[in-house]
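J.: This is the structure I have questions about; it appears just below.
We did not get these values from a lab; they are worked out from the coordinates using the rules stated. If you're wondering where the values come from, they're calculated on a predicted model, not measured in any experiment. Glycine gets a Cβ as well: all are built from the backbone with ideal geometry, and neighbour counts include every protein chain shown.
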Amino acid sequence: MVGTTTGIPALIVHGGAGGRAPLPERSARKRGLILAVQRGAKILREGGCALDAVVAAVTVLEDDPLFNAGYGSLLTTEGRVEMDAAVMVAKRKLTRASALDERRSQPRPGSQPVDVQAGGVVLVSRVRNPILLACAVMEHTPHLLMGGPGAERLARQVGLRLCRPEQLITDRARQRWLAMMKGRADLALDGDRHGTVGAIAVDVHGNLAAATSTGGISGKLPGRIGDSAIMGAGLFADIIGAASATGAGEAILKLSLCREAVLSMNKTHPQQAAVKAIAGLYDATGAEAGVIMVNSAGRFGYAHNAHAMEVAMFNPADGVRYLLLQPLKLADGEAPAR
Ligand code: ASP
């Protein structure tokens with residue numbers, strides 16, 4: 001579990017932290033993550049921006065029924081889809097002075113002009129790709145976070161096709177929901193406690209971006225909003241780096257996990273920052289979570305304390321790679337009980 005790869009541009013995606021996916025789904029999930037990275041990597045290789053790369057990667061995973069985002073999202077206790085998603089981007093404004101600064105030292109927050117933008121949506125149930133609606137909030141409104149009928153109206157205005165909420169429900173999600181409602185926790189939760197998706201990237205221009213999208217947690221009440229669309233909690237991007245989180249949303253929210261993790265990259269390697277963030281979250285809340293991180297130099301970090309977490313990543317030196325991450329060894333040397 002060492003994330004030390006270097007190189008710009010760089011992109012890393014995750015497919016959620018939680019129980020291990022059921023055996024028959026594992027190779028398809030792996031292919032899904034690799035495809036997502038390939039889509040984003042193509043954009044970055046051609047000199048495209050980090051935002052486009054993370055959105056392309058997350059869109060692939062939202063369309064994949066095996067992930068808990070977009071089509072295939074987990075259902076509320078009332079059997080409905082309610083999705084949260086957000087994007088955040090830190091764009092470097094290169095002036096002559098900041099270019100000189102950059103050659104001399106590592107970029108630090110506040111040390112150079114940076115333009116941070118973000119957009120998110122909560123509780124949406126009528127768009128196939130909530131991440132595209134999150135982009136629309138960022139690009140077409142003065143707001144950061146939208147939900148309800150106003151968000152749907154925006155979707156229509158920017159030309160995103162609306163669907164019926166039932167069209168986002170897969171047989172797999174419905175079966176698991178039924179099992180959960182019948183108290184078959186083994187069927188409902190195993191391998192179903194994860195699947196939230198996220199992507200973070202740095203592009204050749206030094207811009208950083210993060211995107212996270214989810215159907216939420218199994219057994220959630222209608223109206224529950226998790227961390228995934230909340231800037232600072234489920235995602236964060238600054239000029240020093242970007243992060244996307246997954247896992248117990250309530251705990252991630254309490255600790256503003258991604259912002260804390262990104263700011264700690266100011267002093268440490270992304271891998272140490274990721275480990276510290278997850279260990280700190282476990283200490284403070286006892287919850288399970290995972291985080292992926294990248295700094296402005298394209299170095300990766302990733303850690304989780306759940307049973308499983310898969311990531312796929314790209315940089316020019318190593319190409320595209322997939323990893324099934326081992327859980328973080330906690331102070332007592334054990335992974336947390338399920
Ligand atoms: N963090 C997500 C939420 O709480 C769920 C997950 O990542 O598995 O909505």
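J.: What net charge is computed for the residues neighbouring Asn207, neighbours being all others with C-beta under 13 Å from the C-beta of Asn207, Lys and Arg scored +1, Asp and Glu -1?
T.: Its environment carries a net charge of -1.
J.: Alpha carbons only, please: Rg and Dmax for the stretch 54-93, in angstrom.
T.: When restricted to the Cα atoms of the stretch 54-93, Rg and Dmax are 13.2, 47 Å.
J.: Taking the Cβ of Leu255 as the center, what net charge do the other residues with Cβ under 15 Å away carry, scoring Lys and Arg +1 and Asp and Glu -1?
T.: -2
J.: If you don't mind, there's one more thing I want to ask. How far, in nm, would the chain grow between Gln175 and Ala28 when pulled straight, counting 0.36 nm per residue and subtracting the alpha carbon separation?
T.: Details: separation 147, 0.36 × 147 = 52.92 nm, distance 1.91 nm.
Once the chain is fully extended between Gln175 and Ala28, it gains 51.0 nm.
J.: Output the 0 to 90 degree angle, nearest 10, between the alpha-carbon long axis of helix 130-140 and the longest principal axis computed from the alpha carbons of the chain.
T.: For 130-140 against the chain, the angle is about 50 degrees.
J.: Here's something else I'd like to know. Here are some pairs, Lys30/Lys91; Lys182/Lys220; Lys267/Lys329; Lys254/Lys276; Lys91/Lys267; Lys42/Lys91; which of them have Cα atoms lying more than 24 Å apart in this structure?
T.: Lys30/Lys91
J.: So, by mean Cβ neighbours within 10 angstrom, what's the order for 71-83, 230-242 with the highest one leading?
T.: 230-242, 71-83
J.: Let me ask you something else. With no solvent and one equal point scatterer placed on each C-alpha of the stretch 254-334, evaluate the Debye formula and give log10 I(q)/I(0) for q = 0.21 Å⁻¹, two decimals.
T.: -0.97
J.: Another question, if that's okay. In degrees from 0 to 90, rounded to the nearest 10, what is the angle of the helix 50-63 Cα long axis to the longest principal axis of the chain?
T.: 10
J.: Compute the whole-percent fraction of alpha carbon pairs in the chain spaced more than 39 Å apart.
T.: Counting every Cα pair in the chain, those more than 39 Å apart make up 7 percent.
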